[in-house]
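Structure record follows, encoded as structure tokens.
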């Protein structure tokens, strides 16, 4: 979990803060975004400090963290996507987290759920403004959605390779 906190937490935090600062969303969106971001940082910090305290529950706590990351990423993406297009990158975090601790199949499933959620978020946003999105936009959305599980499985393969290399060196 330390690698994820070292790289992905600052990335996600900066993505949200930059989106809020430069895109100037409405006040309610801004407050909700700050609230969700703050809550996610506090809970993520708690998980990183306490997961191994409850050694018998470590696997379950890691799974909970994957799905909490998914919920926060989806909520922040939904809120800020109309203002800042790169918000979809938050949905890469749950499969990358899963890749570190779960099987390849579970990592792929997490990535597919996140990719499908991205398409769902785009669809909901399209409906909320009443403006149909064109073919080019949907093609781009499907490429983004396909990237999410591919990234998760790639990180899983990297983690497995690192473990094999470590074991060979012993």
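Which of the peptides 88-100, 3-15, 141-153 is most tightly packed, and how do the rest follow, judged by the mean count of other Cβ atoms within 10 Å per residue?
Values: 88-100: 24.8, 3-15: 14.4, 141-153: 18.8.
In decreasing order of mean packing, 88-100, 3-15, 141-153 become 88-100, 141-153, 3-15.
What does the highest-first list of 117-123, 36-42 look like by mean Cβ count within 10 Å?
Working: 117-123: 18.3, 36-42: 15.1.
Those peptides, ordered most packed to least, come out 117-123, 36-42.
Pull out a ≥ b ≥ c, the square roots of the eigenvalues of the alpha-carbon gyration tensor of the chain, then state rounded if a/c is under 1.5, prolate if not and a/b is larger than b/c, and oblate in the remaining case.
On the way: a/c = 2.33, a/b = 1.48, b/c = 1.57.
Note, shape of the chain comes out oblate.
List the relative contact order of the chain as a percent without decimals, with contacts defined as Cα pairs under 8 Å and 6+ residues apart.
Working: 162 pairs, mean separation 36.6, N = 170.
After rounding, I find 22 percent.
Which of rounded, prolate or oblate describes the range 127-167 when judged by the alpha-carbon gyration tensor and an a/c cut-off of 1.5?
Working: a/c = 9.81, a/b = 4.25, b/c = 2.31.
Prolate is the answer for the range 127-167, as a/c is 1.5 or above and a/b outweighs b/c.
Cα centroids of the range 76-142 and the range 1-40: how far apart, whole angstrom?
Taking the Cα centre of each part, the range 76-142 and the range 1-40 sit 16 Å apart.
Between residue 34 and residue 137, what length in nm is gained on full extension when 0.36 nm per residue of separation is reduced by their alpha carbon distance? Intermediate values should be presented prior to the final figure.
Working: separation 103, 0.36 × 103 = 37.08 nm, distance 2.82 nm.
In short, 34.3 nm is gained.
Just so you know, all these numbers are worked out from the coordinates, no wet-lab data involved. Source: prediction; values computed, not measured. Counting neighbours? That spans all protein chains shown, and the Cβs are built from the backbone with ideal geometry, glycine included.
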